[in-house]
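The values are calculated or read from the model by the stated rules, or taken from the named source; none is laboratory data. Since the structure is predicted, the reported quantities are computational estimates derived from the model, not experimental observations. When we count neighbours, we look across all protein chains shown, and the Cβ atoms used for this are built from the backbone with ideal geometry, even at glycine. Accessible surface is based on the protein model in full, side chains and every heavy atom, while ligands, DNA and RNA are left aside. Shrake-Rupley method; radii C 1.70, N 1.55, O 1.52, S 1.80 Å.
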Amino acid sequence: MSHQQPLSSSVQPTDIYGGDEVSALVLDPGYCNTRAGYAGEEMPKQVLPSFYGHINGRDVFGDEYIVPKPGFEVRNYMNRDSVVEDWDAATRMWEHVLVKRLQPERSTPPSKNGLNVNDDGDVPMEDNDGNNNNNEDAVDALEKPLAENPLLMTEAPWNSAKAREKAIEISMETWGVPAFWLSKTPVLAAFAAGKATALVIDVGGANTSVTAIHDGMVLKRSIQRSPVGGVWLSSQIRKMWDGSEPKVDVVPRFMVESKKPVEAGAPAEANLRKFNFDIHPSFRAYEEERVLTEFKESVVEVWRGPQRFMTPGTEDAVRTQPGRVFEMPDGSNQMWREQRFKVSEGMWDETAAYTEEGRVTKAQTIPALIKAALEGVDVDLRPNILGNVVVTGSTSLLNGFNDRLNHELTQMYPGVKIKIHAAGLTTERRFGAWIGGSILASLGTFHQMWISRKEYDENGAGIVEKRCK
């Protein structure tokens with residue numbers, strides 16, 4: 001790559017991907033959501049749950065279709081490691097979001113729209129040699145759904161070579177993209193924060209990862225991950241609700257027909273909907289997760305420190321903090337005080353987690369991940385990396401998260417200048433990797449980097465391993 005001169009943004013690299021005037025697409029698949037949109041824009045145009053409905057042998061995509069029906073099952077095409085598990089469903093989901101939701105409706109070719117019929121009602125036949133059919137095949141080949149849009153896709157830093165090759169194969173063979181690129185999410189999150197060198201702490205839905213980036217490259221030995229994310233936090237909240245007095249039952253919104261206001265701590269007075277079919281457990285779990293997400297967003301906080309929550313004497317200080325009331329979909333409500341801090345404390349201190357099975361090991365806590373990541377980095381690079389700590393991912397939006405992170409880093413690395421970069425806007429924190437991809441794919445100097453269709457045809461899917469480091 002070093003011998004290539006960067007193209008100025010005024011020069012259109014037509015030989016590489018067919019000109020600058022067509023916007024590239026950016027696809028950022030995750031365990032909770034799949035985000036897609038056009039490069040150069042500030043936000044993804046489409047954000048769909050990665051969960052989809054499966055009923056009578058077919059799949060339906062989009063939140064509006066996830067409704068109670070007989071035999072309706074909710075599935076996910078990804079596993080908790082943010083790696084694709086079901087490639088058929090992934091292909092259909094991505095095509096749905098990139099083609100159906102982002103592209104304008106295509107007009108039917110004139111030969112097939114039923115308007116070109118002779119006066120006597122006959123459709124003109126093709127020449128004897130079947131030329132017309134051949135022409136239509138050629139047109140169909142040109143009309144692959146994304147034949148005009150280069151595609152930049154994101155991936156987890158631990159994605160396998162086989163999965164990377166599969167991604168370029170689908171893009172080139174099935175969708176016919178003219179150019180393709182695969183980027184790692186922490187690199188893009190760093191770009192979104194304007195950094196080429198950074199320590200990226202990504203606290204997402206399914207897991208938390210800590211990765212060191214140097215000059216736009218992932219330092220492989222630094223990659224650390226742990227299951228401590230939004231889904232883990234939901235399980236902690238469930239344990240807290242099970243053990244509280246009175247016990248809190250999760251009644252999802254779809255089951256409540258009507259409710260009456262009740263006093264705090266009093267049992268709910270609600271009429272529940274009756275269904276004449278069994279609700280699939282996966283659908284119920286998906287709907288319960290919505291309630292848990294609402295609780296996380298409005299009630300849960302991170303204890304800011306400087307002492308840890310479990311330090312003797314700290315609990316008295318926690319009790320002086322104002323409580324928050326949360327009302328369940330069925331109308332029951334109660335005040336949450338020190339519990340709302342304790343429920344997130346397991347992210348930082350393994351001894352604070354609820355119950356044994358929900359407990360993470362010391363090595364899986366956020367401070368331990370950071371320490372392990374930095375130990376995998378050259379000593380000379382550490383001060384520069386600690387001066388550029390980028391926080392991204394929707395679970396990092398918990399109140400008090402950045403203050404606590406700052407305290408933990410200062411205690412671990414006294415005397416080192418630590419600077420945390422965390423976007424103030426909720427959307428920027430949730431879509432960090434997508435925004436970085438949008439910036440990268442719209443740069444004029446990046447256009448020479450794309451893997452073109454010609455390169456793919458010459459080298460096959462293995463090209464992605466050589467080029468997208």
Which number in (1) touching a helix residue (DSSP H, G or I) at 6+ places or on another chain (Cβ under 6 Å); (2) open to solvent by 50 Å² or more (accessible area, probe 1.4 Å) marks the one condition that ALA24 misses?
(2)
Please go through segment 443-454 and pick out each residue that is surrounded by fewer than 17 Cβ atoms within 10 Å (Cβ to Cβ) and of a type in the set (D, E, K, R).
LYS454
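For the condition closer than 21 Å to PRO178 by Cα and open to solvent by 10 Å² or more (accessible area, probe 1.4 Å), what is the one hit in PRO104, PRO70?
PRO104
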Members of segment 142-158 that are part of a loop (DSSP other than H, G, I, E, B) and more than 19 Å from TRP450 (Cβ to Cβ):
GLU143, ALA156, PRO157, TRP158
In segment 218-260, what residues are open to solvent by 30 Å² or more (accessible area, probe 1.4 Å), among the polar types (S, T, N, Q) and closer than 30 Å to LEU440 by Cβ?
GLN224
Can you tell me which residue is farthest from ASN207 (Cα to Cα) among those in segment 79-93 that are crowded, with 19+ Cβ neighbours inside 10 Å and either in contact with an Asp or Glu (Cβ under 6 Å, 6 or more places away or on another chain) or small (Gly, Ala, Ser) (or both)?
ALA89
State the number of residues belonging to segment 50-65 that are closer than 27 Å to LEU146 by Cα and either open to solvent by less than 30 Å² (accessible area, probe 1.4 Å) or in contact with a Gly (Cβ under 8 Å, 6 or more places away or on another chain) (or both).
8
ILE439 vs (1) within 23 Å of LEU219 (Cβ to Cβ); (2) open to solvent by 50 Å² or more (accessible area, probe 1.4 Å); (3) part of a loop (DSSP other than H, G, I, E, B): all pass except (3)
If a residue must be farther than 19 Å from PHE341 by Cβ, part of a helix (DSSP H, G or I) and acidic (Asp, Glu), how many such residues does segment 371-419 contain?
2
List the number of the failed condition for TYR52; all other conditions in (1) at pLDDT 95 or above; (2) out of contact with any Phe, Trp or Tyr (no Cβ under 7 Å at 6 or more places or on another chain); (3) more than 17 Å from GLU428 (Cβ to Cβ); (4) outside any loop (DSSP other than H, G, I, E, B) hold.
(2)
Pairs, first closer than 21 Å to ASN159 by Cβ in segment 29-52, second surrounded by 20 or more Cβ atoms within 10 Å (Cβ to Cβ) and among the acidic types (Asp, Glu), C-beta under 8 Å, six or more apart:
THR34/ASP28; ARG35/ASP28; ALA36/ASP28; PRO44/ASP28
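Could you say whether any residue in segment 236-257 is within 30 Å of VAL60 (Cβ to Cβ) and assigned to a strand (DSSP E or B)?
Yes: segment 236-257 contains one or more residues that are within 30 Å of VAL60 (Cβ to Cβ) and assigned to a strand (DSSP E or B).
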Against the condition open to solvent by 50 Å² or more (accessible area, probe 1.4 Å), over 22 Å from the mean Cα position of the chain (by Cα) and hydroxyl-bearing (Ser, Thr, Tyr), how does THR426 come out, does it pass?
no
Restricting segment 277-321 to residues that are modelled with pLDDT of 95 or more and among the polar types (S, T, N, Q), the one farthest from TYR31 (Cα to Cα) turns out to be SER298
